[in-house]
Amino acid sequence: MDSSAPERSAPSADASPSLWKHLARFWRDRPGEAKVLLGMSAAFLLIFFLPLGQPRFENAVLEGLRLTQWYAREHVILCLLPAFVIAGAMAVYISQGAVMKHLGPASPKPIAFGVASVAGTLLAVCSCTVLPLFGGIYRRGAGLGAAIAFLYSGPAINVMAIVVTAKVLGAELGIARAVGAIVFALVIGAIMHLLYRHEEAARAAKGARGFTDDDNGHPIAEIVALFGLMIGILVFANWARADSAAWMAVFSWKWPITAVLAILLATLLVHRWRWSVRPLLVTGALVAASALLKPQWPELAMVIGIAGLMLQASRENAAGQEWVGQSWDFTKQIMPLLLGGVLIAGMLLGRPGHEGLVPSEWVVWAVGDNSFTSTLLASVLGAFMYFSTLTEVPIVEGLLGAGMGKGPALAILLAGPALSLPNMLVIRTVLGTQKTLVYCTLVVVMATTSGYLYGQLM
């Protein structure tokens, strides 16, 4: 009889791993299928647990859809499509060498930041419309600091916003917004440059190779005229109402001014870019017919004009084809994120005067004094809300009437126009997660600090 104890079998290499190790192996070995499975599971759980039948949730969904519809009707055609066209033209007709010289990481910072801030100030666009233009100059070689200064200054410092703020909310808030926004653009740009200076130096060295200062053979005056006319069309087509006789006088003539600028653009393309006359005449005739037959739908005329311009550009030469391609690249990258972000923002915060998931009384309660907490909450709230051009002014006016302190009001004016949830989603695709978080944090921190100090002084 063998008295020896039976040997314990050593664990074999083929022994079944634990559940978590098995899932980790699956994620490591088949990441594509794992992500698909995770996405499908998340979507199923979201649909399965939707709180349908809850009035607040259903109202939030409707408000999100209404905000998205309003955004599509009011901003996509008149704001974003021209911005995509301008951004595409930047990528083609402005040489990388010229951008590197004036706005690049190695360019003198006072010049780079000054040019970027002034350029942004003249646009009078919202936090979403500025994105294609920001992406265009950054990818063309602009330094991070200058690009950030441009990104912030466009929606935050534009002259129209400052004038309307002073007119409606008082000279004190108007001046505080103007001074704060100008300082913000320069300081945030400088901080971003310093934080990522080594990375930017490597990017500058890489980008400088093989590029010259020419602009595809076109004199600088023609380049300036091209972009000046396109930016003019963008600005005047989106000229907003305001409580000012002079402003309303311009508003009443916005479409004739836009038409004149479009005619000048076509003339420039024919005489200096050597484009064919007949297709542009056909496009102009269709735009005029649309404006005369359907004056209540200016968006239709804009779509016809942009479609005709892009179609003709694709037929003219290689540069025109690249212009169309670059514009399309910006469109397909940015548009889905913007619409998705607007939908989510509408569900959470609703539209002006309409509630989403977050009750409006919570907002008023949270920002009802000049404390640091109220100012911080106002900055964060403003950062996630979407404000179209100048809509922040009547919203802040209503909140002030409901009891909001002046400090939180300034914080919203400094953070809100420059940031929004859809804006953040798009910036991440251009800069990456880390730089986006740093930029957003800087805006919120500086808006909070400025608003708090202003609230204590006032």
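The values are calculated or read from the model by the stated rules, or taken from the named source; none is laboratory data. The model shown is predicted, which means the values in this text are computed figures rather than measured ones. Here Cβ is always computed from backbone atoms with ideal geometry, including for glycine, and neighbour counts include all displayed protein chains.
Hey, does the range 411-426 have a residue that's assigned by TED's automatic domain parsing to the domain that holds Tyr386, over 23 Å from Gly340 (Cβ atoms), crowded, with 24+ Cβ neighbours inside 10 Å and not aliphatic (A, V, I, L, M)? No, the conditions are met nowhere in the range 411-426.
When the range 1-21 is limited to residues that are in a helix (DSSP H, G or I) and among the hydrophobic types (A, V, I, L, M, F, W, C), the one that is modelled with the lowest pLDDT turns out to be Leu19. Considering the conditions (1) surrounded by 15 or more Cβ atoms within 10 Å (Cβ to Cβ); (2) closer than 30 Å to Trp273 by Cα, Thr391 is excluded by exactly one of them, (2). Each residue in the range 275-311 was checked for being in contact (Cβ under 8 Å) with a residue 40 or more places away in the chain and either assigned to a helix (DSSP H, G or I) or closer than 21 Å to Ile94 by Cα (or both), and 9 pass. On the stretch given as the range 139-192, residues that are surrounded by fewer than 21 Cβ atoms within 10 Å (Cβ to Cβ), part of a loop (DSSP other than H, G, I, E, B) and within 18 Å of the chain's Cα centre (by Cα) total 0. Summed over the range 23-58, the residues that are of a type in the set (Phe, Trp, Tyr) and in contact (Cβ under 8 Å) with a residue 60 or more places away in the chain give a count of 1.
Results for (1) at pLDDT below 85; (2) buried (at least 23 other Cβ atoms within 10 Å of the Cβ), shown as yes or no for each residue.
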site	(1), (2)
Pro55	no, no
Glu58	no, no
Val76	no, no
Phe84	no, yes
Pro110	yes, no
Cys126	yes, yes
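When the residues of the range 350-371 are filtered to those that are assigned to a helix (DSSP H, G or I) and closer than 22 Å to Met446 by Cβ, the one that is modelled with the highest pLDDT is Ala366. The condition of being closer than 22 Å to Leu234 by Cα and among the charged types (D, E, K, R) holds for only one of Glu74, Glu63, that being Glu74.
Looking for something in a helix (DSSP H, G or I), at pLDDT below 85 and touching a Phe, Trp or Tyr at 6+ places or on another chain (Cβ under 7 Å) - is there at least one such residue anywhere in the range 22-39? Yes; the residues of the range 22-39 include at least one that is in a helix (DSSP H, G or I), at pLDDT below 85 and touching a Phe, Trp or Tyr at 6+ places or on another chain (Cβ under 7 Å).
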